[in-house]
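Every number here is computed from the coordinates shown, using simple stated rules; none is lab data. Remember, predicted model here, so these are calculated numbers, not experimental data. Note that each Cβ is placed from the backbone with ideal geometry, even for glycine, and that neighbours are counted across all protein chains shown.
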Amino acid sequence: MIQLNSESASYQGVKTLHDIDLHIQKGEKLALVGQSGSGKSTLIKLIYDRYPVDTTLVPQDYGLVSHLSVYHNVFIGNLGQHSTLYNLANLIRPWSDQVEMVRSVLVGLQLDDYLFRPVGQLSGGQKQRVAVARSLFQKGCLLLADEPVSSVDEQQSKVVLNQLLNGFSTIVLALHDIQLALTFCDRIIGLEKGRIVLDRPSEHLTENDLLSLY
């Protein structure tokens, strides 16, 4: 499904990824782990740039529109499924069928009480869950999520990750929490200074095996 062969990437003239070889099969749940600055976010961006079709992205900065409601931010994920006229009409007076579809996604993330609240009034953790809800509403063959649970507590992290795993068949997650990576993903990619230094099934790894990356 995904094939990167000897790929490199640079940011502002500085090379941030070096000779990346990465093959991801359909149905894999893969975690990228490593220190901040190790190249996790850059690798997610590289995959997205190479495979934009049918790929859903949850960026680290959430990519939300603060003055719009939770409903509208989630609906944005499916703008391409409707005509411009339909989308404009929905912005002014949301269609009841779309409201119920969005609400059903928000229920699973414990956000349905905030359906028409402006995103700018939400906490950081709530905003992060809105970004996740948008991805679930958008759907796609591949999910790329950059630290999708960094702003929520342990219990909410498990809720969010379960929703993502149920919503997408193939997933690449950048995660700081190695326990979550081992629990929710079947393959672990360890990054260090822009290079892949570990690539193993999670069932063959322990937390101690990953601590050297931090």
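Tilt of helix 154-167 relative to the longest C-alpha principal axis of the chain, in degrees (0 to 90, nearest 10)?
80
Which of the peptides 1-9, 29-37, 98-106 is most tightly packed, and how do the rest follow, judged by the mean count of other Cβ atoms within 10 Å per residue?
Packing proxy ranking, top to bottom: 29-37, 98-106, 1-9.
Describe numerically, in nm with one decimal, the distance between label points set 7 Å from Cα along Cα→Cβ at ASP153 and at ASN78.
3.2
From a point 7 Å beyond the Cα of GLN35 in the direction of its Cβ, which residues of segment 184-202 have a backbone N at a distance under 17 Å?
190-198
Contact order normalised by length for the chain, with contacts defined as Cα pairs under 8 Å and 6 or more residues apart; what percent is it?
Answer for the chain is 31 percent.
Measure off 7 Å from each Cα along the Cα-to-Cβ vector at HIS23 and ARG200, then give the distance between these two points in nanometres to one decimal.
Modelled inter-label distance: 2.1 nm.
Want the number for ARG117 to SER10: 0.36 nm per residue separation, take away the alpha-carbon distance, what's left?
34.6 nm
Give me the distance between the Cα centres of segment 16-90 and segment 128-184, rounded to whole Å.
Computed from Cα coordinates, the inter-centre distance equals 11 Å.
Restricting to lysines 8 or more places apart or on different chains, can you count the pairs in the chain with Cα atoms under 26 Å from each other?
24
What span do the alpha-carbon atoms of the chain cover on each of the three principal axes, reported in whole Å from largest to smallest?
Extents along the principal axes, in whole Å: 51, 34, 31.
Have a look at the DSSP beta bridges in segment 1-155 and tell me what percent are antiparallel, nearest 5.
Just about 65 percent of them are antiparallel.
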